[in-house]
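Here is the structure we will look at, set down as structure tokens.
The values are calculated or read from the model by the stated rules, or taken from the named source; none is laboratory data. This is a predicted model, so every value here is computed, not measured. When we count neighbours, we look across all protein chains shown, and the Cβ atoms used for this are built from the backbone with ideal geometry, even at glycine.
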Amino acid sequence: MLIRHTLSLDDAKAVAAGAAAKAREHGWTVVIAIVDANGHLLYLERADGTQLGSVGVAQEKARTALMFRRPTQAFEEMILGGKIQLMSLPGVTPVAGGLPLSWRGEIVGAIGVSGVLSSQDAEIAQCGLAVLTQIA
């Protein structure tokens with residue numbers, strides 16, 4: 001019997017809160033997007049003063065991480081390593097800051113962060129992922 005876990009709205013808010021705490025700690029203004037296991041937006045938070053373009057970028061980072069089951073940083077690193085053909089793949093946002101969200105061995109959604117340097121976006125997203133590992 002296949003049991004599929006789902007990411008609840010409360011879980012998504014908790015993940016976003018963990019990520020937002022890291023951003024606030026550094027004074028970074030970002031957008032945090034959480035998508036469910038089907039890639040649909042479940043929760044979005046935009047800090048005051050964050051550029052509007054980051055709203056779409058955060059969502060696309062989350063979708064990329066979900067659809068390809070890996071951090072978006074992997075695509076960024078491959079492209080920087082010369083595999084520029086990856087830029088033509090549909091649905092790929094090759095910038096760090098997107099992570100799949102796994103719970104009990106299943107990918108239940110993804111987080112995308114945008115607003116500061118991509119390495120900082122990834123650091124923020126990682127703090128959100130860490131919260132999910134604490135949810136029982």
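Things worth noting here:
- Screening 50, 6 for residues that are in a loop (DSSP other than H, G, I, E, B) and either crowded, with 16+ Cβ neighbours inside 10 Å or free of Cβ contacts under 8 Å to residues at least 40 places away in the same chain (or both) leaves exactly one candidate, 50.
- Output for the stretch 22-38, where each listed residue is in contact (Cβ under 8 Å) with a residue 40 or more places away in the chain, under 20 Å from residue 10 (Cβ atoms) and surrounded by fewer than 23 Cβ atoms within 10 Å (Cβ to Cβ): 22, 36, 37
- Residues that are modelled with pLDDT under 95 and touching an Asp or Glu at 6+ places or on another chain (Cβ under 9 Å) do not occur anywhere in the stretch 72-80.
- Residue match in the stretch 68-91 (condition: closer than 18 Å to residue 17 by Cβ and either without any contact (Cβ under 8 Å) to a residue 40 or more places away in the chain or out of contact with any helix residue (DSSP H, G or I) (no Cβ under 6 Å at 6 or more places or on another chain) (or both)): no
- Lone unmet requirement of (1) assigned to a helix (DSSP H, G or I); (2) within 18 Å of residue 102 (Cα to Cα) for residue 57: (2)
- Flag if residue 85 is among the polar types (S, T, N, Q), at pLDDT 95 or above and not in a strand (DSSP E or B): no
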